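Structure, as structure tokens:
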Amino acid sequence: MADDFVIVRDLHRSFNGFKAVDGVSFTIARGEIFGLLGPNGAGKTTTIRILATVLRPDSGEVIIGGHSATKDPQAVRRIIGVCPQELALYEDLSALENLVFFGRMVGLSGGEAKEQAMANLRLMGLEERAKGKVAKFSGGMKRRINFAIALMGHPELLFLDEPTVGIDPQSRNHIYENIVALKEKGMTVLYTTHYMEEADRLCRRVAVMDGGRIIAMDTPYGLKSRIGDPAKVTLEDVFLHLTGRSLRD
Ligand SMILES: Nc1ncnc2c1ncn2[C@@H]1O[C@H](COP(=O)(O)OP(=O)(O)OP(=O)(O)O)[C@@H](O)[C@H]1O
Ligand SMILES: [Mg+2]
């Protein structure tokens, strides 16, 4: 499609002969929230790391905003924001210093970085903790900082790899509400989560991954319709039906 912002074609990546990503293809339209769902070890994070230019694929193609992730990774890095599954924070720096640091990394001036950092801390409800050392923060607060970092530099595409995993309801809600706001503003997002209700409410389309492959891809409504009355069936049921496993196993 002409407005496809992300094009992924036949991606492969092995680790010591083990196929972590085994022929993955999908597209994401501009302004779409696209969900990547799957059990532990399905290959979701590996796929995201390849798209985010952190890892090179063995073969296949990734085009983001017209730029090749393998041939022109710098151009891709300029337009993406990444909220990694593993927290990537400097524990000895304050919340503000962390955000400013990552803002400088994406090319903001000192003044711009500070301004955006404060605005993002406010969004996350952490304005009053701006000067606090991250080492002293709760797990949920660290997740909120991790998420805020992804917004620095106003990226056109966000990778959110389980941004709300294992945290208190208050932090989860802060992050969830911000994804809703980003959706309303037309942000393009690749989103992984183990919370099926969140995926159902947020995503225009979802891909279910298992064993390095995409085994189903459709709107949440379309996927639910495959196994029953979409008003009664949940994405959790779909997931169980497709993979034979519950997401929280
Ligand atoms: N750097 C690596 N070296 C070796 N094996 C790896 C590496 N990265 C990932 N793998 C393996 O590839 C497979 C896919 O891992 P990946 O992290 O992409 O899964 P995931 O779908 O994100 O899982 P989770 O839901 O647990 O986050 C796993 O079997 C994992 O052990
Ligand atoms: Mg993962």
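For the chain, the number of Lys pairs with C-alpha atoms closer than 15 Å, counting only pairs eight or more positions apart or on separate chains, is 5.
Amide H contacts of R213 (H built 1.01 Å from N, in plane; Pro and chain starts excluded): D22 sit under 5 Å, all sequence-distant by 5 or more or on other chains. Mean residue ellipticity at 222 nm from the helices of the chain, using -39,500 (n - 2.57) per DSSP H segment of n ≥ 4 over the full residue count, to the nearest 500 deg cm²/dmol? Result for the chain, helices only: -10500 deg cm²/dmol.
Across the chain, the mean sequence separation of Cα contacts (distance under 8 Å, 6 or more residues apart), normalised by length, yields a relative contact order of 25 percent.
Between the alpha-carbon centres of the stretch 1-60 and the stretch 183-197 there is a gap of 16 Å.
Residues whose amide H falls under 5 Å from that of R205, counting only those 5 or more places apart or on a different chain, are I33, G35, with hydrogens built in the peptide plane.
Remark: the S25-L87 segment gains 19.6 nm on full extension, using 0.36 nm per residue and subtracting the alpha carbon distance. Axis of helix 110-123 versus longest Cα principal axis of the chain: the two differ by about 60°, to the nearest ten degrees. For the chain, the longest principal axis of the C-alpha atoms and the axis of helix 139-150 are separated by about 90°.
Under a Gaussian network description of the chain, with springs only between Cα atoms under 10 Å, the residue in G140, G186, G228 that fluctuates furthest is G228. For the stretch 55-136, the residue among P73, S59, L89 whose Cα projects farthest onto the positive side of the dipole built from Cβ charges is L89.
For the stretch 91-196, trypsin sites (Lys or Arg not before Pro) meeting the loop criterion (DSSP other than H, G, I, E, B) and having at most 12 other Cβ atoms within 10 Å: K131, K185.
Of all DSSP beta bridges located in the chain, what percent are antiparallel, nearest 5?
Details: 22 of 38 bridges.
Of those bridges, close to 60 percent are antiparallel.
Using square roots of five times the C-alpha gyration tensor eigenvalues, list the equivalent-ellipsoid semi-axes of the chain in whole Å, biggest first. Intermediate values should be presented prior to the final figure.
Values: eigenvalues 172, 94, 56 Å².
Working from the Cα gyration tensor, I get semi-axes of 29, 22, 17 Å.
Report, in degrees rounded to the nearest 10, the 0 to 90 angle that the Cα long axis of helix 169-184 makes with the longest principal axis of the chain. The angle comes out near 80 degrees.
Roughly how many nanometres apart are two label points built 7 Å out from the Cα toward the Cβ at D4 and K136? Roughly 5.0 nm, to one decimal. Across the stretch 190-202, rounded Karplus estimates of 3J(HN,Hα) from the backbone phi angles (6.51 cos²θ - 1.76 cosθ + 1.60, θ = phi - 60°) give 10, 10, 10, 7, 9, 9, 5, 5, 5, 4, 4, 6, 8 Hz, Gly and Pro being marked x.
All of the numbers you see were taken from the coordinates with simple rules; none came from a lab. For clarity, every value in this text was computed on a predicted model and none was experimentally measured. Every residue, glycine as well, gets a Cβ built from its backbone with ideal geometry; the counts of neighbours run over all protein chains shown.
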